[in-house]
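The values are calculated or read from the model by the stated rules, or taken from the named source; none is laboratory data. Given the structure is predicted, the values throughout are model-derived calculations rather than measurements. Note that each Cβ is placed from the backbone with ideal geometry, even for glycine, and that neighbours are counted across all protein chains shown. Note: areas computed on protein heavy atoms with side chains; ligands, DNA, RNA excluded. Shrake-Rupley method; radii C 1.70, N 1.55, O 1.52, S 1.80 Å.
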Amino acid sequence: MTVTTSAGGAGTDPVRPDDEAVLEVTDLSVDFTSEDGPLRAVRGVSYTLRRGEALGIVGESGSGKSVASMAVMGLLPKNARVSGSAKVLGREVLGLPDSEISKVRGERIAMIFQDPLTSLNPVYTVGYQIAEAVLAHRRVGRARAHERALELLRLVGIPHPEQRVKQYPHELSGGMRQRVVIAIAMANDPDVIVADEPTTALDVTVQAQVLEALNAARRETGAALVLITHDLGVVAGHVDRVAVMYGGRVVESGPVQEVFHSPRMPYTLGLLGSLPRLDGDRATRLTPIRGTPPALNAMPAGCAFAPRCPMARDRCRDEEPALSATDAPGHTAACHYSGELDGVGPADLFGDGTAAAGRERTRATGAPVLTVNDLVKNFPIRSKGLLRRKVGEVQAVSGISLELRERETLALVGESGCGKSTTARMLLRLIERSSGEIVYRGQPLHDLSPRRMRPLRHELQIVFQDPFASLDPRMTVADLVGEPLRIHGERAGRARERAGDLLDLVGLDPAHGSRYPHEFSGGQRQRIGIARALALQPKVLVLDEPVSALDVSVQAGVINLLEDLQEELGLSYLFVSHDLSVVRHIADRVAVMYLGRIVETGPTERLFREPTHPYTQALVSAIPLPDPVRERERERILVTGDVPSPADPPSGCRFRTRCPKFAHGLSEGERTRCVEEPPELLDRGSGHRDACHYSEAVELL
Amino acid sequence: MSEKTLPDTGPRARAEAVGGPERTQMQMIVRRFLRHRPAMVSLAVLAVITAFAFLGPHLWAWDHRVHGEIPPSVPPGGDHPLGTTRAGHDVLGQLMRGAQQTLKVALTVSVLSTVVGSLWGAAAGYYGGRTDALMMRVVDVFMIVPLLVMVAAISGTVRGGTTWWAVSLIIAVFSWAQIARVVRGVVLSLREQEFVEAARAAGASPWWIIVRHLLPNAAGPIIVAATLLIAVAILLEAGMSFLGFGIQLPDISLGRMIDDARTAATTRPWLFYPPGVLLVVICLTVNFIGDGLRDALDPRQTMERR
């Protein structure tokens, strides 16, 4: 039943849904037994998936979105109690014995997990693993199965499949492994593909490739798709219907355009308002949802969202609303007062009044505070064995120049492995540079001894990405926040006092200072990290992916806090991030890095409006917009392949191996220049500079 | 702390009421330890044994020496509740003295080698590179030279036994290396954590980081290694005594007593079982106390246990 349609444009529905239900979930509940009593992870979830349809399930961490699908697949641990019904093509699968359910898994449902490394067998070649799946479902010879494996790899967009089939999973990059998993799923010829956060671990340009492969898989097999993700943008572009989960329940579901444009549940509205958007107005303040999601062992009596909902009334606290129809067809919402949400925007409901006016960015950015000239970092690769000779170098950062001005936010953007975090750490001398200059207010930092550097730590501080790893679990919060003061010789009592003030400054209760980090949620911990960085009253704050580990609704609160602090304390931020939407919202200027070099830099507004470097263009067009209509209509510039190894970067322009312009838009003679001559970072007017021999502006938004 | 996370006060919102009274770190650790039942029972038992070992000799009629009035090889009962040896020792008197010497040796060894080993291992792990290689080669030397062979070699030059202090010192010299290796391994992974980098960014010196961050976070493995070491030290001391270097007659230790009674286990069980059982009980209690300490020092442990 292989239906091969021609490869159409990205993002459009490849398959026409019809009415036969392939997966029907009714009143599914999952409880886990735990020491703290039963954890009610999923509570009465129902949905129907029709043939060829794509359903998106969105929710923050702990909303039960993954557990619900794992329950259908029979993949939950033994301490889970599952009730309700799940029918695959009319056949009940809940409660089936292991041998039966694995047959269903193999033939009817294919699952794609977040981490592709664990779903592939490391001791077989990828070709063998795909061929195995083909042989399990078709009576063909080995040679034919091998041919089919090649064909499938080509379908999911893996270049040079003839070479790749002979490779082992560890030899492939994360994006390629995920595409191999998709190829295996296709070989199984399933009716349903369940993809659980399939692109969360991947970079945006690779994410675009994997989502494209997923589309190809649906075209090829005609399978229905359940796409589980926290990313509203991914959902907007790739599904027909969406279900929003909160506190273990589906709180809103409907056609994707309907839900995105006129949400009928305050939580959905809040999520959309918390999201910094690539296509939004930069001056609009984000509207975070207050509070944190409920603990699974202590669900509120009424609506699970009531404690965080600005609309909540007495009825909401007593009575849990059922998922009921709204005025639009197929659109359901679990809110007593969903009718009141007609025409209400996120700012009306979640805004704090002051924000609605919008903030004026009239920051007179002053003199340069921190200047970096031609900074280089090479990590030696050493041979194994006793001598540990140097056999090569990883060129993590290859000659970067930056200038951070007073009261300014400069964003350093790039995909993983581009050297942005290494650069950030070198500025603080947490990693020693190989060569280059770092100057802070006229004073060179790069050759100071650790002892001479210590007083300057007052001026430059850092906030880390992972709010779990960056706080010592054995210290109380007050000790943590006061520690920098103690290091610089402050008395214990005075340090504790200051710690209280600092906690207050970042919006935490100073009385919680005697608690330990694990008692706080992710967003609160990140605030603790910020309070600690501010303890020495620095002038420059390096923010290394400060919000990427946080859920959307919490992330918005931290972003607002950072903006307020900058305003209040006159800080300069170096904001390292891979998330262009956040960067566009918070930064004044942006520098885009690729493989250790800056490829484009300029004022935020201009850089996003008309990026000139092909890499920036690809990055911007790869960010999914949380808007179903615009997301499906946008022009895309796709890049192929993966980032080359920084141990052996390409000659000339480092981006040329993936550059769409190099591949399609240049003559032979022009290409020679890209191969032989590394492009310089040249000014294209008003501070906008790029490093491309053949740059030209493209409007993407 | 019943709740997993605290209520978020929202962006820049003012403080709300705290749940639960504020306690200092020390009070919390003590509270958590007090609630660890096996550890508390063990602590009580160890206290009794310690009193028995240190106060007992002052109260009991016989000490650990040979006395003419003591009849040889009498089974337990009457004047000698635990019987007597062939040479004319009172076994109860010997047991008290033996437990005392053994406790002294075991605790001294444990403290000495844990302190030295932890600092050495943490420094090696934190500095890494050449320093690490050099420091760990020193550790290797101490690990590969067999203690008993060394002792046998030295004992040729030292006559007439030594005090418990010298014995402890020798055992410590040869056992800190194990702790150092364990701690280095833990520190190697800990030092890559972002909270260590955060401390460096705040200007902390290496020793500040080692003492404030690395060692507290390595407390679990350190305590486990230290409690195991106590058992090992007791056995090593017995072995050394056998070779003629440890505590010598007429002074006595538990190891020594067990060693002397090896052949009498079936014929005169009263010589073998009292020191044997006491030794096992000491090792067990120390292990449970170690467990309790490890849990109490870890703030992530829930306070209610068992």
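List of remarks:
- Leading residue by the ranking (least open to solvent (accessible area, probe 1.4 Å)) among those in the stretch A:466-493 that are more than 8 Å from chain B (Cβ to nearest Cβ) and more than 23 Å from B:D298 (Cα to Cα): A:L485
- Residue match in the stretch A:451-465 (condition: crowded, with 20+ Cβ neighbours inside 10 Å, in a helix (DSSP H, G or I) and at the interface with chain B (Cβ under 7 Å from one of its Cβ atoms)): yes
- Restricting B:T162, B:T108, B:T131 to those that are out of contact with any Ser or Thr (no Cβ under 6 Å at 6 or more places or on another chain), of a type in the set (S, T, Y) and modelled with pLDDT of 80 or more reduces the list to B:T131.
- Of residues in the stretch B:201-218 being more than 8 Å from chain A (Cβ to nearest Cβ) and touching a helix residue (DSSP H, G or I) at 6+ places or on another chain (Cβ under 7 Å), the one surrounded by the fewest Cβ atoms within 10 Å (Cβ to Cβ): B:P206
- Residue in the stretch B:232-246 that is open to solvent by 30 Å² or more (accessible area, probe 1.4 Å) and in contact with a Pro (Cβ under 9 Å, 6 or more places away or on another chain) present: no
- Residue check for B:I210: over 18 Å from B:F33 (Cβ atoms), part of a loop (DSSP other than H, G, I, E, B) and hydrophobic (A, V, I, L, M, F, W, C): no
- Filtered residues of the stretch A:521-542 (kept if outside any helix (DSSP H, G or I) and over 11 Å from A:L562 (Cα atoms)): A:S521, A:A535, A:L536, A:Q537, A:P538, A:K539, A:V540, A:V542
- Residue selected from the stretch B:59-95 under the condition of a type in the set (V, I, T) and in contact (Cβ under 8 Å) with a residue 24 or more places away in the chain, by the criterion nearest to B:G276 (Cα to Cα): B:V91
- Subset of the stretch A:565-580 [within 14 Å of chain B (Cβ to nearest Cβ) and outside any helix (DSSP H, G or I)]: A:L574, A:V576
- Odd one out for A:H446, checked against (1) within 22 Å of A:L402 (Cα to Cα); (2) within 11 Å of chain B (Cβ to nearest Cβ): (2)
- Which listed residue is under 29 Å from A:V140 (Cα atoms), open to solvent by less than 10 Å² (accessible area, probe 1.4 Å) and part of a helix (DSSP H, G or I), from A:L225, A:L153: A:L153
- Restricting the search to helices (runs of 4 or more DSSP H) fully inside the stretch A:611-701 and requiring at least 3 residues that are touching a residue at least 60 places away in the same chain (Cβ under 8 Å) gives A:614-622, A:628-633.
- For B:V286, the criteria (1) under 13 Å from the mean Cα position of the chain (by Cα); (2) not in a helix (DSSP H, G or I) hold in every case but one, which is (2).
- Counting the residues of the stretch A:515-538 that are more than 12 Å from A:G482 (Cα to Cα) and within 11 Å of another protein chain (Cβ to nearest Cβ) gives 13.
- Residues of the stretch A:543-556 satisfying the condition of being touching a helix residue (DSSP H, G or I) at 6+ places or on another chain (Cβ under 6 Å) and not in a loop (DSSP other than H, G, I, E, B): A:D544, A:V552, A:S553, A:V554, A:A556
- Test for A:V3: is it over 24 Å from A:V244 (Cβ atoms) and either modelled with pLDDT of 80 or more or β-branched (V, I, T) (or both): yes
- Check on B:L43, open to solvent by 20 Å² or more (accessible area, probe 1.4 Å), in a helix (DSSP H, G or I) and either of a type outside the set (G, A, S) or modelled with pLDDT under 75 (or both): yes
- When the stretch A:412-430 is limited to residues that are of a type in the set (A, V, I, L, M, F, W, C) and within 13 Å of another protein chain (Cβ to nearest Cβ), the one that is surrounded by the most Cβ atoms within 10 Å (Cβ to Cβ) turns out to be A:M426.
- The stretch A:539-564: number of residues that are open to solvent by less than 10 Å² (accessible area, probe 1.4 Å), more than 10 Å from chain B (Cβ to nearest Cβ) and closer than 30 Å to A:G489 by Cβ: 5
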